[in-house]
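Quick note: the coordinates plus some simple rules give every number you see, no bench work behind them. This is a predicted model, so every value here is computed, not measured. As a convention, Cβ positions derive from the backbone with ideal geometry for all residues, glycine included, and neighbour counts pool all protein chains shown.
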Amino acid sequence: MSALMSLGYDQMQLAPFSAALAQQALSIDFGTRSYPIEIGLLDWRELGLRLTHRGGLAVVVTNATVGAHHGLRLRVALQTAFTEVRELVLPDGETFKSWTSLQSIQDALAQAGADRKVTLFALGGGVIGDLTGFAAATWMRGVRFVQVPTTLLAQVDSSVGGKTGINLEAGKNLVGAFHQPAAVWADLGTLKTLPTREFSAGLAEVIKYGPVADMAFFAWLEDNMGLLLQRDERALAVAVRRSCEIKAAVVAADEYEGGLRAILNFGHTFGHALEAGLGYGELLHGEAVGIGMLMACSLSSTCLGLEAGLLARLHKLLVMAGLPVRAPRMPEDRFLALMRGDKKSQAGKVRYVLLSRPGVAQLVEASDESALAAVRTHTV
Ligand code: NAD
Ligand code: GLY
């Protein structure tokens, strides 16, 4: 086992946690490519006005579920800012984060006569966001897109930071591009219709930010999980805002994941293997990440001597959030093969995001045997 490198926490500009800051404007600092992250109970009539680029064709990409809730509202909101507004409705589900869906978007853009001035709007969760972002990254070698995240997971993670892509049979997100959105429009009001299981899955990505970056936020989550589960707007504003602050600080410091950004993948090496190995959709992404974080904590104890207290606190918080804490059984050789395909692997060696202490992560190579021991600890 070896801790591979310093991840560059010192590059991250992150102010201490304060629940009082939840109402302030937030943006991600990429110099001329900086963009706003609007969070709150938003007035969609203002969306058009807030965009710096208007006019021409807008194409809303959504799925049948989200389109039925919010499609009309978004199209109406965009009519004041764009000459023409079209909508493409895809089937709903992780299995549709695929080449076929990507091709549907590209075909629709061709049919609409979309040129380099087109703006795509990703209306939905992480699946629609990743897909639409990748379509925007590749249409005419890159056009503008705006993230309109409607799941908790998308509001706290996938809509921010510019990772876009699709899944392959061989693994999650294996094909994709870094392509930053022009804006993120995270209306907390959309979360009212989110099914409970999806809401809990989003909480896993919120919880993730504690162990890797901010244990004060983790403690706040322990105290406020009840309010979050009631979808209390003030508590949600704090949780979404702090998650985006952390994500923005990490990504601004390391856009292309040379080091620090890997911390956002805490639990994901195990989690992605669970998702792909059990079949996409069996465990939700957030559910798999939650169990993956427990496995990563156990491996951290073996490899880096992490205190046992954090594993117990994390376990308790995941249970409070309504998340599963044990993985269904999966053949171990399949588990290892999928983890070797992880994008952080190098020369066939799996590198895990592990914790040296609560709030601080490291990228570490671990033996297959110790990784499997951690898997077994959290498997039914
Ligand atoms: P999802 O996009 O499948 O949405 C979950 C479900 O909720 C879907 O059935 C969707 O139709 C429904 N839904 C969405 N908004 C709704 C609303 N407001 N009301 C009712 N139903 C609604 O799943 P997700 O959890 O949002 O995203 C998971 C995906 O995100 C995975 O593919 C994962 O790999 C990806 N992801 C990407 C990043 C990144 O940085 N790009 C980060 C984390 C996760
Ligand atoms: N969700 C991990 C990342 O954006 O890097």
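Any idea how far the Cα center of segment 25-41 sits from the one of segment 354-375, in Å?
Taking the Cα centre of each part, segment 25-41 and segment 354-375 sit 33 Å apart.
Could you list, bin by bin from short to long, the percent of Cα-Cα pairs of segment 37-182 in 10 Å steps?
Values per bin, smallest distances first: 12, 47, 35, 5, 0.
If you restrict to DSSP beta bridges whose two residues both lie in the chain, what percentage is antiparallel, to the nearest 5?
On the way: 18 of 42 bridges.
Antiparallel bridges: around 45 percent, rounded to the nearest 5.
What does DSSP give for segment 78-235 in terms of the percent of beta bridges that are antiparallel, rounded to the nearest 5?
On the way: 5 of 13 bridges.
Roughly 40 percent of the DSSP beta bridges within segment 78-235 come out antiparallel.
How big is the equivalent ellipsoid of segment 141-195 along its three axes, where each semi-axis is √(5λ) from the Cα gyration tensor, reported in whole Å from largest to smallest? Walk me through the numbers on the way to the answer.
Details: eigenvalues 99, 53, 11 Å².
The equivalent ellipsoid of segment 141-195 has semi-axes of 22, 16, 7 Å.
Total Lys pairs in the chain closer than 14 Å by alpha-carbon, pairs eight or more apart in sequence or interchain only?
9
More than 16 angstrom separation, counting every C-alpha pair in segment 88-163; what % is that? Intermediate values should be presented prior to the final figure.
Values: 1253 of 2850 pairs.
The answer is 44 percent, as a whole percent.
Per DSSP helix of 4 or more residues, -39500 (n - 2.57); summed, then divided by the residues of the chain. What does that give at 222 nm, rounded to the nearest 500?
Details: 12 runs with 155 residues, N = 380.
Only helices count here, giving -13000 deg cm²/dmol.
When Lys and Arg each count +1 and Asp and Glu each count -1, what net charge do the other residues less than 15 Å away from residue 99, Cβ to Cβ, add up to?
Values: positive: 97, 172; negative: 94, 107, 130, 169.
Counting the neighbours of residue 99, the net charge comes to -2.
For a test of the definition: using alpha carbon positions, the gyration tensor, and the 1.5 limit on a/c, classify segment 1-85 as rounded, prolate or oblate.
Details: a/c = 2.16, a/b = 1.99, b/c = 1.09.
The shape class here is prolate.
When the Debye formula is applied to the Cα atoms of the chain, each taken as the same point scatterer, what base-10 log of I(q)/I(0) results at q = 0.13, 0.15 Å⁻¹?
Listed by q, the Debye log ratios stand at -1.02, -1.36.
For segment 296-380, state what percent of all Cα-Cα pairs lands in each successive 5 Å bin, counting from 0 Å until the bin that includes the largest distance.
Pairs per bin, as whole percents: 3, 14, 22, 24, 21, 13, 3, 0.
Within the chain, which complete DSSP H helices have Cα atoms spanning at least 24 Å along the helix axis and a mean Kyte-Doolittle hydropathy of -1.0 or higher?
Qualifying helices: 196-213, 233-253, 285-304.
Counting residues in segment 122-216 as N, plug N into 2.2 N^0.38 Å and put the Cα Rg over that result. Could you put the intermediate results ahead of the total?
Working: Rg = 13.8 Å, N = 95, 2.2 N^0.38 = 12.4 Å.
Here the answer is 1.11, to two decimals.
Which of the GluC sites (Glu not before Pro) found in segment 213-286 are in a DSSP loop and have at most 14 neighbouring Cβ atoms, other than their own, within 10 Å? Can you show the working numbers first?
Details: sites: 222, 233, 245, 255, 257, 275, 282; in loops: 255, 257, 282.
Answer by residue number: 282.
Along the principal axes of its C-alpha atoms, what lengths does segment 254-356 span, in descending order and rounded to whole Å?
37, 31, 27
What is the local net charge at residue 8, summed over the other residues whose Cβ is closer than 10 Å to its Cβ (Lys, Arg +1; Asp, Glu -1)? Could the numbers behind the result be given before it?
On the way: positive: 261; negative: 10, 254.
Here the charged neighbours net out to -1.
Loop only per DSSP, at most 12 neighbouring Cβ atoms within 10 Å: give me the chymotrypsin sites (Phe, Trp or Tyr not before Pro) in segment 199-287, ordered by residue number.
Values: sites: 199, 209, 217, 218, 220, 256, 266, 270, 280; in loops: 256, 266, 280.
For chymotrypsin sites (Phe, Trp or Tyr not before Pro) across segment 199-287 that sit outside H, G, I, E and B with at most 12 neighbouring Cβ atoms in 10 Å, the list reads 256.
With Cβ to Cβ distances under 9 Å as the rule, what net charge do the other residues near residue 365 carry (K, R +1; D, E -1)?
Numbers: positive: 349, 351; negative: none.
Around residue 365, the surrounding residues sum to +2.
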